[in-house]
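Note sheet for the following structure.
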Amino acid sequence: MVTGLRLAKELAIKDVRAFTDSMVVASQIRGEFEVHDPVLQKYLVKVKGLVGGFHSFFVEHIPRGDNLEADYLAKYGPRAGRGA
């Protein structure tokens, strides 16, 4: 999420719709669920700071099975730079 928001900012995108396969993450970003883990709290602060720079921001939960492209990237994307 943080990387995508930073990229959107670099590209001067003003209106952002973010999708995540984590219902908890989406709910935490929207302020519906509290974040108790200190590490995740740091990420949430980063996300909130980045979100403040956009005209509009929307985050939605999409089940992983409903987004095959994201599922593929989640599984194989990290290996792409290593010749996999």
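The values are calculated or read from the model by the stated rules, or taken from the named source; none is laboratory data. Just so we're clear, the structure is a prediction, and the values are computed from it rather than from any experiment. Cβ coordinates were reconstructed from backbone atoms using ideal geometry, including for glycine residues, and neighbour counts include every protein chain displayed.
Observations on the structure shown:
- Within the range 28-40, the only residue that satisfies the criterion of being touching a strand residue (DSSP E or B) at 6+ places or on another chain (Cβ under 9 Å) and surrounded by fewer than 15 Cβ atoms within 10 Å (Cβ to Cβ) is ARG30.
- The lone exception for THR3 - which of (1) surrounded by 12 or more Cβ atoms within 10 Å (Cβ to Cβ); (2) under 19 Å from GLU69 (Cα atoms) it fails: (1)
- Residues of the range 6-53 satisfying the condition of being among the β-branched types (Val, Ile, Thr), under 21 Å from ASN67 (Cβ atoms) and without any contact (Cβ under 8 Å) to a residue 12 or more places away in the chain: VAL24
- Any helices (runs of 4 or more DSSP H) falling wholly within the range 1-77 and containing at least 1 residues that are at pLDDT 90 or above: 2-10, 23-29, 38-51
- Only a single criterion out of (1) at pLDDT 95 or above; (2) exposed (fewer than 10 other Cβ atoms within 10 Å of the Cβ); (3) of a type in the set (A, V, I, L, M) is not satisfied by ALA84, namely (1).
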